[in-house]
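Trainee: Sharing a structure with you now.
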Amino acid sequence: IIRTMTGVGLNPQKLGDHFAIDSYVPEALTPLHYYKILKDMLDRHAPTILAFDPVTAMRHRLSTEDFVTFARYLQLVSKQKEITVLLTSTHGTIEAARSSEISTLADNIILMRYLEIKDRMEREMLVLKTRGSEHKKKTVPFEITGNGINVQT
């Protein structure tokens, strides 16, 4: 995570106490245990952004019912505390994102994917969902550089 942050131009050391990484084994806890851990962590650190990278591991370890329950707890606590939650997934297709058990809970869904074009690997993104607002419904290319993410409009 730190290497990735550094690669997109962020300096984790400058964030100091405003940055924390916690790691848990998905199959070791129930959704209610995760809710309690999250709530305690959010009370302790008071973040404005919470990232799960990737949420796919948790999805594969929990039953569908437990995963949806966890997602509802996450939605509840994040809205209550006004926290932006970023979930990454390795599903990678528009249909997988649409049919995800938690897609109805998400306010925004952005699909980012790789494409092989000629002899190059290209990246593109698509705003699949933005609750309550209009958005462009076409893919746009982007690059990840040493200075961050460059979206080509």
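Trainee: Looking at segment 100-120 only, could you name the residues that are among the acidic types (Asp, Glu), under 21 Å from the mean Cα position of the chain (by Cα) and either over 20 Å from Ala51 (Cβ atoms) or exposed (fewer than 13 other Cβ atoms within 10 Å of the Cβ) (or both)?
Mentor: Answer for segment 100-120, where residues must be among the acidic types (Asp, Glu), under 21 Å from the mean Cα position of the chain (by Cα) and either over 20 Å from Ala51 (Cβ atoms) or exposed (fewer than 13 other Cβ atoms within 10 Å of the Cβ) (or both): just Glu101.
Trainee: Which residues, counting only those in segment 95-153, are among the small types (Gly, Ala, Ser) and modelled with pLDDT of 85 or more?
Mentor: Once the filter is applied, which keeps residues that are among the small types (Gly, Ala, Ser) and modelled with pLDDT of 85 or more, segment 95-153 yields Gly132, Ser133.
Trainee: Within the set of pairs 6 or more residues apart or between chains, which connect a residue that is closer than 10 Å to Leu105 by Cβ inside segment 65-83 to a residue that is surrounded by fewer than 17 Cβ atoms within 10 Å (Cβ to Cβ) and among the charged types (D, E, K, R) with Cβ atoms less than 6 Å apart?
Mentor: Pairs that qualify, where the first residue is closer than 10 Å to Leu105 by Cβ and the partner is surrounded by fewer than 17 Cβ atoms within 10 Å (Cβ to Cβ) and among the charged types (D, E, K, R), are Val68/Glu101.
Trainee: What is the residue count in segment 24-60 for residues that are among the hydroxyl-bearing types (Ser, Thr, Tyr), within 19 Å of Ile83 (Cα to Cα) and not in a helix (DSSP H, G or I)? So that I can check it myself, show each step before the final result.
Mentor: Taking segment 24-60 and keeping what is among the hydroxyl-bearing types (Ser, Thr, Tyr), we get 24, 30, 34-35, 48, 56.
Imposing the further condition that a residue be within 19 Å of Ile83 (Cα to Cα) reduces the set to 34-35, 48.
Then drop every residue that is not not in a helix (DSSP H, G or I), which leaves 48.
Residues meeting the conditions: 1.
Trainee: So, in segment 70-92, of the ones that are of a type outside the set (Gly, Ala, Ser) and modelled with pLDDT under 85, which residue ends up farthest from Ile1 (Cα to Cα)?
Mentor: Taking the candidates together, the pick is Phe70.
Trainee: I would also like to ask the following. Mind checking which residues of segment 26-64 are touching a residue at least 24 places away in the same chain (Cβ under 8 Å), among the hydrophobic types (A, V, I, L, M, F, W, C) and touching a helix residue (DSSP H, G or I) at 6+ places or on another chain (Cβ under 9 Å)?
Mentor: Leu32, Leu38, Leu42, Leu50, Phe52, Val55, Ala57, Met58, Leu62
Trainee: Restricting to segment 121-153, give me the number of residues that are loosely packed, with under 12 Cβ neighbours inside 10 Å and under 24 Å from Thr104 (Cα atoms).
Mentor: Residues in segment 121-153 being loosely packed, with under 12 Cβ neighbours inside 10 Å and under 24 Å from Thr104 (Cα atoms): 7 in total.
Trainee: Can you pull out the residues in segment 117-143 that are more than 21 Å from Ser89 (Cβ to Cβ) and of a type in the set (Asp, Glu)?
Mentor: Selection gives Asp119, Glu134, Glu143.
Trainee: Right, another one. Collect the residues in segment 11-52 that are open to solvent by 90 Å² or more (accessible area, probe 1.4 Å) and in contact with a strand residue (DSSP E or B) (Cβ under 8 Å, 6 or more places away or on another chain), keeping them in residue-number order. Before you say what the answer is, go through the steps one by one.
Mentor: Our first condition is that a residue be open to solvent by 90 Å² or more (accessible area, probe 1.4 Å); within segment 11-52, this holds for 13-14, 17-18, 23-24, 27, 32-33, 36, 44, 48-49.
Answer for segment 11-52, where residues must be open to solvent by 90 Å² or more (accessible area, probe 1.4 Å) and in contact with a strand residue (DSSP E or B) (Cβ under 8 Å, 6 or more places away or on another chain): Thr48, Ile49.
The values are calculated or read from the model by the stated rules, or taken from the named source; none is laboratory data. Since the model is a prediction, treat every value here as computed from it, not as a measurement. For neighbour counting, all protein chains shown are included, and Cβ atoms are generated from backbone atoms with ideal geometry for every residue, glycine included. Note: accessible area is taken over every heavy atom of the protein model, side chains too, but ligands, DNA and RNA are not part of it. Shrake-Rupley method; radii C 1.70, N 1.55, O 1.52, S 1.80 Å.
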